[in-house]
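Okay, so here's the structure we're looking at.
The numbers here are math on the coordinates, done by the rules we state, and not lab data. Not measured: the values here are computed from a predicted model. Cβ: placed from backbone, ideal geometry, glycine included. Neighbour counts: every protein chain shown.
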Amino acid sequence: MRNIYANTNYNFKNQTLNLFFLLVFFTLNSSFAQYCSVGTTSSSYWIDSFTTTGGFTNINNTSTYSTSGYGDFTALSVNQTAGSTFNFNITTSSGTHGINIWIDWNQDFDFNDTGEDVYSSGSYVSSTSGTISIPGGTSNDSYRMRVVANWSNTDPSACGSTTYTEAEDYTLVVSAAPTCFAPENLTANITSNTSADVTWSAPSSGTTPVDYEYIISTTNTTPTGAGTATTLTSNSFTGLTPDTTYHVFVRSNCGGSDYSNWLQPLFLLGIAHITRLILLTGLMIFIQQVEI
Ligand SMILES: [Ca+2]
Ligand SMILES: [Ca+2]
């Protein structure tokens, strides 16, 4: 009997040890699980812009060439419910590209599974747009979306380093429909080199807002706090610094602590140049670049 107890004890210890190593393995494995790298050996071609419409929150990202051909824009997200769709538009730097988009629906850190190749241009395009469907039953969660454009391949891969490629990663957030929607039609009118008027319109869906909040910033970071409240659907910003990029964020306040997401920044105040003819005394005419 002693031997049996001894063996039982030994087996128990052995199984505990195995379980320990199994847990360590899975912990390490999940810690290091990551998406395959993708990029390029050439900086000649890239994705200029990736925008979405039709989501509760949309992406509006203009970018140039990303270092090594990979742009991590996963902080930017398009938000929509399962069983619905959103639209995308892509423009490229120059020439024509083959373009593919993937979404890692089963969240296993690859883009190989059935249905994960959500868009393929199938041919060379300089810009393209389309509609992506979120399968019904998709769990509310965040999903990796990868966009790859290749100047010399009509069917670029999601992984690996290839010539004339740029890849950009974004996030798709699948969630229940909100009740408070962001304002729409955010537009900016630059009125001088230190001022601009920004207007928006009430959301066409959801609860009618009590008022709106806005924040003006020189960084492209979504606000975490409250903004300046207004019942108007416009605001004039003055005292701005010339030659500076500004981002304006606007959200709806539907009352009862029900706020919309911040509308993605759409407004850049830079310098616009016009050519002004200056007629001096005599017959001399100068051409001067003037900032407005
Ligand atoms: Ca880019
Ligand atoms: Ca997958």
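Of the beta bridges in segment 43-168, as assigned by DSSP with both residues counted there, near 95 percent are antiparallel.
Rounded to the nearest 0.05, what FRET efficiency do Thr191 and Asn106 have when you use their Cβ-Cβ distance and R0 = 41 Å? Don't jump to the answer; show the numbers that get you there.
Working: r = 50 Å, r/R0 = 1.23.
Computed FRET efficiency for Thr191 and Asn106: 0.20.
When the chain is fully extended, how far beyond the present Cα-Cα distance does Asn220 get from Ala177, taking 0.36 nm per residue of separation?
Details: separation 43, 0.36 × 43 = 15.48 nm, distance 2.54 nm.
Stretched out fully, the Asn220 to Ala177 stretch lengthens by 12.9 nm.
From the Kirkwood radius over Cα pairs of segment 52-109, Stokes-Einstein at 10 °C and 1.306 mPa s returns a whole-number translational diffusion coefficient of 116 µm²/s. Extension gain for the segment Asn89 to Thr199, taken as residue separation times 0.36 nm less the Cα-Cα distance, is 37.2 nm to one decimal.
Here the simple spin-label model places points 7 Å from the Cα toward Cβ, and for Cys159 and Cys36 these points are separated by 0.4 nm.
The orientation-averaged projected area of the convex hull spanned by the Cα atoms of segment 38-174 comes to 7.0 nm². Taken over the alpha carbons of segment 184-273 as equal point scatterers, the Debye sum produces base-10 log I(q)/I(0) values at 0.10 Å⁻¹ of -0.25.
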